[in-house]
Amino acid sequence: MGATTLLWVLALAFLFPVLWFLLSSFKPGSELFTWPLQLFPRDWTLSGYRTAWARFDFAQYFLNTFLVAVITTVLTVLVSACTGFALAKYRAWWIQGFFLCILATTMLPTEVIMPSTFAVILGLGMYNTLAGIIVPSIVTATGIFMLRQYFRTVPDELLEAARIDGAGEFRIFFTLMLPIAKPIIAVLAIFSFQWRWNDYIWPLLVLNDQEKYTLQLALRSIVGAENIDWSVLLSASVISLLPMIALFLIFRRQIMNADINSGLKD
């Protein structure tokens with residue numbers, strides 16, 4: 001009983017700032033800093049949402065972010081599955097060495113490799129394009145590790161039986177291994193979509209055209225040098241969270257059970 005009560009108290013403590021943030025988005029600017037502070041708005045208003053959507057062209061920002069997140073997720077899943085399958089089921093001394101090199105990249109902060117990555121993107125002519133955001137984000141050590149570990153649980157006898165029946169490697173991968181790996185693919189897809197949706201630093205470096213901004217850059221553009229329209233900023237932040245909330249509600253079972261990538265970065 002005591003443990004349950006403590007958990008409820010902790011849950012409410014974590015929920016309170018989120019609730020305050022959500023309710024504050026419905027307050028007019030004059031109520032945000034009045035004293036004493038009020039949890040619920042005295043005058044409920046949607047002006048912040050209307051202003052955010054109309055002034056900052058959120059439809060375009062949503063489209064840009066959606067394209068980046070979806071395309072990157074599809075390619076990340078495909079590349080991670082192919083690499084994970086090769087690392088799990090093919091036997092060669094250099095393959096294991098290659099896998100160790102992939103894992104070693106998780107020890108490097110992302111900021112360390114950003115200059116070299118930016119130089120490559122600049123050289124390929126991808127600067128100020130959505131492709132410049134997508135291409136460097138496709139390969140992730142976390143995704144490769146997740147798929148490799150999952151494929152290692154598939155018995156080798158199953159692959160040998162398919163080869164005896166005349167199936168080639170590509171057919172084995174696409175018709176046998178991918179369907180078996182649906183649970184872990186769903187988990188990787190969820191995390192990859194979340195990573196790309198919330199990404200800020202890399203799009204900030206690559207993009208300078210406001211029409212190509214993602215949602216996170218758009219939110220930053222609302223913050224002025226001196227004056228901040230807090231009601232608009234709060235409403236825009238809530239709008240940007242809606243797809244993530246929907247994703248969590250739809251796939252909450254996979255998310256809650258997915259701890260395979262704990263300790264690894266994206």
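The values are calculated or read from the model by the stated rules, or taken from the named source; none is laboratory data. Because the structure is predicted, anything quoted here is derived from the model rather than measured. With ideal geometry, Cβ positions are generated from the backbone for all residues, glycine too; neighbour counts draw on all protein chains shown.
Observations on the structure shown:
- For region 71-115, a residue qualifies if it is outside any loop (DSSP other than H, G, I, E, B) and closer than 18 Å to residue 200 by Cα, and the qualifying residues are 71, 72, 73, 110, 111, 112, 113, 114, 115.
- Only one of the numbered conditions (1) farther than 15 Å from residue 238 by Cβ; (2) of a type outside the set (Val, Ile, Thr); (3) touching a helix residue (DSSP H, G or I) at 6+ places or on another chain (Cβ under 7 Å); (4) in contact (Cβ under 8 Å) with a residue 40 or more places away in the chain is violated by residue 24, and that is (1).
- Checking residue 156 against (1) of a type in the set (D, E, K, R); (2) surrounded by 14 or more Cβ atoms within 10 Å (Cβ to Cβ); (3) touching a Lys or Arg at 6+ places or on another chain (Cβ under 9 Å), the condition it does not meet: (2)
- Only one entry of 165, 156 meets the criterion of being acidic (Asp, Glu) and in contact (Cβ under 8 Å) with a residue 60 or more places away in the chain, and that entry is 156.
- Of the listed requirements (1) assigned to a helix (DSSP H, G or I); (2) surrounded by fewer than 16 Cβ atoms within 10 Å (Cβ to Cβ); (3) at pLDDT 85 or above, residue 208 misses just one: (1).
- Residue-level check: of (1) touching a Cys at 6+ places or on another chain (Cβ under 9 Å); (2) at positive phi, residue 147 misses just (2).
- Of all residues making up region 65-99, the number that are farther than 20 Å from residue 159 by Cβ, surrounded by fewer than 21 Cβ atoms within 10 Å (Cβ to Cβ) and under 25 Å from the mean Cα position of the chain (by Cα): 7
- The residues listed here are 113, 133; of these, the one that is of a type in the set (Val, Ile, Thr) and touching a residue at least 24 places away in the same chain (Cβ under 8 Å) is 133.
- Qualifying positions in region 67-97 - touching a residue at least 24 places away in the same chain (Cβ under 8 Å) and of a type outside the set (Val, Ile, Thr): 67, 69, 75, 80, 81, 82, 84, 85, 87, 88, 89
- Any chance residue 193 is modelled with pLDDT of 80 or more, in a helix (DSSP H, G or I) and within 24 Å of residue 134 (Cβ to Cβ): yes
- Residue list for region 59-81, filter: in contact with a helix residue (DSSP H, G or I) (Cβ under 7 Å, 6 or more places away or on another chain) and farther than 25 Å from residue 49 by Cβ: 71, 72, 73, 76, 77, 80, 81
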